[in-house]
Amino acid sequence: SVCYQVPALALAARTGGLTLVVSPLISLMADQVGALRQTGVAASFLNSTLSAGERASVLHGIASGALALVYVAPERLDDPAFLETVAARGVALLAVDEAHCISQWGNDFRPSYQRIIEFLEALPARPPVMALTATATRAVRKDIVSALGLRDPFVVIASFDRPNLSFAVSRPRGGAEKDRMLVAFVRQRSDRSGIVYCSSRRAVEEVCDLLRDEGLAATRYHAGLSAEERERNQEDFLYDRARVMVATNAFGMGIDKPNVNYVAHYNLPLSLENYYQEAGRAGRDGTKADCLLLYSPGDVHTAEFLLSRSEPLEGLTPEQIEALADRDAERLRQMVFYATTTECLRAHILRYFG
C-alpha cells in the first residue's frame, strides 16, 4: 500500500490531485482509511457497506477537492454518478490493488475488474495507472498489462522468496492422526500467535473445539458467523486474547498482524497461489515462522467437491466457464504436486511463480 499511498500524498501536495485505489477488500479499505485519517490524510472509501447518505458525502468530498485518496470497490466504477463526479474533478493516479483479480488465470478472478479499462476510457484524460499484486505468475502478469491497456509499463518483480518462513508437509494416515499432529504442532507454540486454515465452516468448528478441548486458547472465523462475532473474534486474535485463529480463507485479507508465528493448513488449499498467500501471513515482522500443510489424499476429493459446488461467475459465456473450470482443476493438480513432492518445497514454490 505504500506504493500508492506515497505517490498519492505527493500528488495531493503538489497539484491537489485525486488518487483512486480500486480494491476488492472491504476490511482492508476500512483499516487503511482509518490509519490514514489518524495521520491527517484526507482519505475515504466507497463500497457496499455505506448508506446512500454516506456515499453522497464521499462524492461531495471528491467534487469539492477535500479528498486526496479514495478507495473504491470495482463495482462502483459502473456508477454514472461516480464517473461524472470523478471526471469533473480529474484523476491524478489510478492504483489497481490485488491486480491478479483482473486475470482469468488469476486465483481470485473478478469480472468487474475487467471493466476498469472501460472506466479509464470514459475519463476525459487517462491518468497514470499502477497495478499491484503479491501473487502473479507470468501468465497473470501478461493478462494484467493487456486488460488495463498499460503502455510500455515499468514492471517491478520483487522476489517471491520469504527466507524467514520454513515450509513443511506432513502426511497423516487418517483423521485421528491429523488431529494429533495439529494439536502437537500448536501446543509447541502455545505462547505464540498462529492461524489454522480449514476448507469448510464445519471443519473450522470441529478444529476450534478440538484445540479448546486440549486447553489451547483458540477462536474461529468463517462466513457463517454473525458480523458481530467475526469482529469480536478477530479483535481477540489481533490483541492476543486468543492465540490461535481457526478460519476459512474468508479470514486474513488485509489483516495487519505482524507477529503471526505460524500458519497451519488443516486441509489442502485449492491452489498454490491461495496457499502461498495464506502461508505468507506468518512472519510479517521478519522473525522465523513455520508453515505446515497437513495432507491426506481424501483432501483432494474435498477440494474437487468444493470446486464443483462453486457458483459460476455472472456474465461469462459457457466457453469461459469451461475454461475457468479447467484452470481450477490444473491449479489443484499443481497443489497436489506440492503436497506430494520430495524436493525442496521452497524451490517448488519459487519455480511455480517463475
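The values are calculated or read from the model by the stated rules, or taken from the named source; none is laboratory data. What you are looking at is a predicted structure, and each value in this text was computed from that prediction instead of being measured. Cβ atoms come from the backbone with ideal geometry, glycine included; neighbour counts cover every protein chain shown. Ligands, DNA and RNA are excluded from the accessible area calculation, which covers all protein heavy atoms including side chains. Shrake-Rupley method; radii C 1.70, N 1.55, O 1.52, S 1.80 Å.
For segment 185-255, report the translational diffusion coefficient in µm²/s to the nearest whole number, using Stokes-Einstein at 10 °C, 1.306 mPa s, and a Kirkwood Rh over Cα pairs. Please list the in-between numbers first.
Working: Rh = 11.9 Å.
It diffuses with D of about 133 µm²/s by this estimate.
What ratio of Cα Rg to 2.2 N^0.38 Å holds for segment 1-61? Normalised by 2.2 N^0.38 Å, the Cα Rg of segment 1-61 equals 1.13. Kirkwood hydrodynamic radius, segment 94-163, all distinct C-alpha pairs: what's the number in Å? After inverting the pairwise mean of 1/r, the radius is 12.6 Å.
From the Cα gyration tensor of segment 215-354, with a ≥ b ≥ c the square roots of its eigenvalues, which class applies: rounded if a/c is under 1.5, or else prolate if a/b is larger than b/c, or else oblate? It is oblate, given that a/c is not under 1.5 and a/b is not larger than b/c. Size descriptors for segment 133-228: radius of gyration and Dmax over Cα atoms are 19.7, 57 Å.
Label-to-label distance, residue 333 versus residue 259, with points set 7 angstrom from Cα along the beta-carbon direction: 4.5 nm. Across the options 175, 296, 188, the greatest Cα extent toward the positive end of the charge dipole of segment 158-311 (unit charges at beta carbon of Lys, Arg, Asp, Glu) belongs to 188. Using alpha carbons only, the radius of gyration of segment 27-158 set against its Kirkwood radius gives Rg/Rh = 0.96.
Debye-formula intensities of segment 149-298, expressed as log10 I(q)/I(0) at q = 0.13, 0.18, 0.19, 0.20 Å⁻¹, are -0.57, -1.04, -1.16, -1.29 (one equal scatterer per alpha-carbon, no solvent). When the surface is traced with a 1.4 Å probe over the full set of protein chains, residue 222 keeps roughly 10 Å² accessible. Of the chymotrypsin sites (Phe, Trp or Tyr not before Pro) in segment 204-267, the ones in a loop by DSSP (not H, G, I, E or B) with at most 12 other beta carbons within 10 Å are 239. Only DSSP H runs of four or more residues enter the estimate; each adds -39500 (n - 2.57), and after division by the residues of the chain the mean residue ellipticity at 222 nm equals -13500 deg cm²/dmol. Once the cut-off is 18 Å, how many percent of the Cα-Cα pairs in segment 42-87 end up in the long-distance tail? Distances greater than 18 Å cover 14 percent of the Cα pairs.
In units of the compact-protein estimate 2.2 N^0.38 Å, the chain shows a Cα radius of gyration of 1.04. Electrostatic bookkeeping for residue 197 treats Lys and Arg as +1 and Asp and Glu as -1; over the other residues with beta carbon under 13 Å from its beta carbon, the sum is +1. The dipole here belongs to segment 49-165: it is taken about the Cα centre, uses +1 on the Cβ of Lys and Arg and -1 on the Cβ of Asp and Glu, and is about 260 debye. A Cα-only calculation for segment 311-354 places Rg and Dmax at 14.3, 42 Å.
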